[in-house]
Amino acid sequence: MTPDVWKLELTKRGGKQFKVIKELLKGASEVVLATDADREGETIGREVLERCRYRGKVSRLWLSALDDASIRKALSALRPGQQTEPLYQAGLGRARADWLVGMNLTRAYTIIGRQGGYDGVLSVGRVQTPTLKLVVDRDRQIENFKPVDYFDVTALHRVASGAFNAKWIPQKQHADDEGRCLDRAVAESVIQKVQGQVGKVTKAETKRVKEPPPLPLELSTLQQEASRRWSMSAKKTLEVAQSLYEKRKAVTYPRTDCRFLPTEQFKDASKVLQAMAASDPSITSLVQNANPKLRSKAWNDKKITAHHAIIPTAAKVKIESLSREESLLYDLIRRHYLAQFFPPFEYDATIIDTLVCEEAFRATGRVEKAPGWKQALGQPQKEAKSTDNEDLQSLPSVQVGEDVRIEKAELTAKQTKPPNRYTEGTLIQAMKSVGKLVEDPRLRKILRETSGIGTEATRASIIETLLKRQLLANEGKKHLISSPAARALVDALPHSVTDPATTAVWEQTLDDIANGSSSLDEFLGKSELWLNKLIGNVKKRQEMGINPFHNLPELAIATRSRRLSSRRAAGAGARRGSRKANAAMVDPSRACTQCGSAMVRRKSKHGEFWGCSAYPKCRHTMPIA
C-alpha cells in the first residue's frame, strides 16, 4: 500500500493557529523559519509553507538557545532557505518510510492474527518493534535463567593499626569468567588454610577522587529518574514537564536530548539562582552556598543540539500552586542546575591487597572528604552499584610488607541473579543505548551518535502504544512484561524489522539526502522494494498454511471480552463465559468466508456450530458438517 499522493491532515489543535499563519502568509514577501534547528524542525516549518502553497523567499533562523544574545547573533546570520531545504527532504523521507512500514506491516500481521484467532492489533514500526523485542528478549532471559551457586570468602585481617575485612580473590584455576569460585570445597579449604595465619600487605594505595557534578537533565534522564524514584510513567513525566514549561513557566523546553548549556547563558546564572531562592525560601541556604562563578563542564556550545538541557527559568515560581508531581520534577530539575555551582564531591578511595599462605585478598574502602555538589542534590544520584559494606569501610593505615594476621574467615554461599525486568525508565535508557547490541561497528557508531532509537519526544508515546495494544503489560507498580502476542509477533517478523541496525541504515541514508548525495525518491523506492519483498514472504507463508498466531485465541478472546463488558456488561457477561469455554476449540485452518478470521466451535441450545472469532464485528456462522 503506497499512496499516489501524500496527504497531510490538520489536527484539531493546530487548525486555528494554521489559519492565522495562512492569512499572514498571503501578504508576506519573505518568511523566516524559526523552528527547531534540526531535521524534524525543518520539516514542520516547510510542511506549513507547502500546505499554504507559499512560493516566496524563505530564510532560516538557526539557533539552539533562546537567550537574547543568542537570538540576536542568529538573526544577524540568517541562512538562505535553499541551504537547509535538503533537511526537509530527509524529514519527508523519514516520515513517509515510517508510514509505509507501519501501515503495511501492521495491516499484514494483524490480518494474519485475525486468521489465527487473535483479534488485537499487531502493530509494527521501525522503532516500536525493536523496542518490543528488547522486552521480549529480557523476559526470556529471565525465564530461561539458571542460577549458579558461587562462594565468597571474607577474612578479618588484624594489623598494628586496626582491623579490616578483605575478600578472597580465587586463583584462575578455581575461578569462572567473572572471577567467582563455583566449588564450595575449594572455598572451604581456603578458610582452613588461612585461619589464624600470618601474611603480608602487598599493596596499599589511597587516591583522592574528585567527582564533578552530574550534568543538567534532558528528557530521557528525567524520565528515568522519575521512574526510579517515584514509579512515574514516561508519559506522565513528559506531561508534567510540559506543564512546568507551558503553564508554570518554571523550566525551559523539556523535549530536549541535550544535557549541556550554551556559554552565553552562563552570565544569567545569578538571576536564575536568585529566582529559585525567591520562589522557595527553603533552599535559600543552598543558593547562598552556590558559587555562580564556578563553570562546570555543562557549559559547552559544541555539544548543544536543537535545544539545551532542561533548567529552571529566571521567573519566580509559585511553589505552593504546584501539584505534587510538578513539585517533584521541578525540585529535581532545579537541584541538578544548582549542582553546577558547587565544587566536586571528594573522597579517598583505598585499596589494600594481602597475601596469606599464597592466597590473595583485597579490601576496598571509601572515606568522604568534601560533600561538594551532593549537598545540592540532597540524595545519592544513582543506586549503589554494590551493597557490600566493605566498600564503605574506613580502612586503617598500613604499609606494603607489613604483617597481617587472619583472625576469622567466613564463607558466604551466593547465587547469580537474573537480569531485572524493564521499567519504563530503564527501557527508555535501553532504547537510547541500543547501539551496543549491534555488531557492525559503523552502524553501532551511528546509533550512538543519534541516541539510539526513537526521540526524546516519542519514546514515551511508543511505550504507551505498546501498552495500549496489549503487547506490553504492567507487572506491579514498576515493571513491564511482554504478552504472548508480543512474543509471537517478534518471532514471526523478519530480523530486518526487529533489528535496531535498520534505524542506523536509515539514518545514514537520511544524512545522505540532507547533504545532497542521495534523493528522497531513491530512498522511498528502495524502501518500497524492501517492503514488497517482506509482504511477499508473508503471503507465501499464508499459502503454506503457516500462522504464527494460531496459539493465541484464548488471549484474544479474553481481551475482546473485557472490551465488550465495558460497553454491555450484562449481555456480554454470558457470551464472554461461552467464548472462554470454547476458546480451545478455535480452528485456525478454517477461515471465515466473510472476513477471513478463524472460526470457533460454539454451542447453542440448538447444538454446535462454527462462529466467526471476530464476533461481534463479524456475525457469520457455518454449520458443522
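The values are calculated or read from the model by the stated rules, or taken from the named source; none is laboratory data. This is a predicted model, so every value here is computed, not measured. When we count neighbours, we look across all protein chains shown, and the Cβ atoms used for this are built from the backbone with ideal geometry, even at glycine.
Considering only residues of segment 429-454 that are closer than 17 Å to residue 132 by Cα and among the charged types (D, E, K, R), which is surrounded by the fewest Cβ atoms within 10 Å (Cβ to Cβ)? Going through the qualifying residues, I end up with 436. When the criteria are applied in full, residue 475 fails the requirement of being surrounded by fewer than 16 Cβ atoms within 10 Å (Cβ to Cβ), over 16 Å from the mean Cα position of the chain (by Cα) and not assigned by TED's automatic domain parsing to the domain that holds residue 120.
Residue pairs whose Cβ atoms lie under 9 Å apart, sitting 6 or more positions apart in sequence or on different chains, and linking a residue in segment 265-281 that is more than 18 Å from residue 318 (Cβ to Cβ) to a partner that is among the polar types (S, T, N, Q) and in a helix (DSSP H, G or I), are 265/70; 269/340.
Let's see how each residue does on (1) at pLDDT 95 or above; (2) buried (at least 21 other Cβ atoms within 10 Å of the Cβ); (3) not in a helix (DSSP H, G or I):
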residue	(1), (2), (3)
87	yes, yes, no
90	yes, yes, no
111	no, no, no
114	no, yes, no
124	yes, yes, yes
129	yes, yes, no
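Among the residues of segment 123-153, the ones that are touching a Leu at 6+ places or on another chain (Cβ under 8 Å) and either hydrophobic (A, V, I, L, M, F, W, C) or closer than 29 Å to residue 362 by Cα (or both) come to 10 in all.
Counting just the residues of segment 2-19 that are more than 30 Å from residue 527 (Cα to Cα) and surrounded by fewer than 10 Cβ atoms within 10 Å (Cβ to Cβ), which one comes out farthest from the chain's Cα centre (by Cα)?
16
For residues in segment 33-79 being assigned to a strand (DSSP E or B) and not β-branched (Val, Ile, Thr), which is surrounded by the fewest Cβ atoms within 10 Å (Cβ to Cβ)? Explain how you work it out, then say what you get.
Our first condition is that a residue be assigned to a strand (DSSP E or B); within segment 33-79, this holds for 33, 57-60, 79.
If we keep only those that are not β-branched (Val, Ile, Thr) too, we end up with 33, 57, 59-60, 79.
Details: 33: 23, 57: 12, 59: 16, 60: 23, 79: 16.
The extreme case among them is 57.
Taking first residues from segment 165-182 that are assigned by TED's automatic domain parsing to the domain that holds residue 357 and partners that are basic (Lys, Arg) and at pLDDT 95 or above, the Cβ contacts under 7 Å between residues at least 6 apart in sequence or on separate chains come to 166/362; 167/362; 169/362.
Figure legend. Inter-residue proximity from segment 190-201: first residues within 15 Å of residue 154 (Cβ to Cβ) and in the same structural domain as residue 355 (by TED's automatic domain parsing), second residues of a type in the set (Lys, Arg) and at pLDDT below 95, beta-carbon distance below 9 Å, spacing 6+ or different chains. No pairs are indicated. Restrict the check to segment 236-248 and report whether at least one residue is in a loop (DSSP other than H, G, I, E, B) and either under 30 Å from residue 73 (Cα atoms) or in contact with a Lys or Arg (Cβ under 8 Å, 6 or more places away or on another chain) (or both). Yes, segment 236-248 contains at least one residue that is in a loop (DSSP other than H, G, I, E, B) and either under 30 Å from residue 73 (Cα atoms) or in contact with a Lys or Arg (Cβ under 8 Å, 6 or more places away or on another chain) (or both).
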